[in-house]
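Just so you know, all these numbers are worked out from the coordinates, no wet-lab data involved. What you are looking at is a predicted structure, and each value in this text was computed from that prediction instead of being measured. We place every Cβ from the backbone using ideal geometry, glycine too, and count neighbours over all the protein chains shown.
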Amino acid sequence: RSLDPSAERAVLAECKTRTEVFEIPRSLVDPTNANFLVWPTCVEVQRCSGCCNSKVMQCRPTQVLQRHLQVNKVQYVKGKTVIQSVVVEVEDHVKCRCESVFPSPWHTSPSGSRRTEAISTGMSAPASVTRRREHREKKSKHRIFKHYRGKKGHRDSFKT
């Protein structure tokens, strides 16, 4: 094929923070009540995204920031509109990096201290990652079906 002269050169979407739209769930505003609206319904947040050039690596946040936003809770009480200001907390990703998608005992400890130490000191996880085989059911193409010729074979298979 010949190259299209008007085609752009592809650029790698590297792992970094990008602006994304976050829909504010009503449960974040008031988990005990469902008879209200939230305004604005969506806000912009910073989230990690991008390619890591490997299926075993994923773009993940290494530093997050909790941000407080003021939204309006709109209710209809006895035929009147009642607007109440409510503060909700959203999470912004500040720094990102490519990390293994497989859980590693080196990264996960009950207190989470190992992960924090690794991030603050700039250490990285061990290079060798072992995969565990998961038990999966056989696909339908591997099932064995009995094929009978004629009606007599079917009748005999139903007898007990």
On the formula 1/(1 + (r/R0)^6), with r taken between the Cβ atoms of residue 3 and residue 54 and R0 of 41 Å, the FRET efficiency rounded to 0.05 is 0.90
Most exposed first, judged by fewest Cβ atoms within 10 angstrom, 92, 4 run 4, 92
Sequence gap at least 6, Cα distance under 8 Å: using those rules, report the relative contact order of the range 11-108 to the nearest whole percent.
32 percent
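May I ask you to compute the full-extension gain from residue 74 to residue 101, defined as 0.36 nm times their residue separation minus their alpha-carbon distance, rounded to one decimal in nm?
5.6 nm
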Report the full-extension gain for the segment residue 30 to residue 44: residue separation times 0.36 nm, less the Cα-Cα distance, to one decimal in nm.
3.0 nm
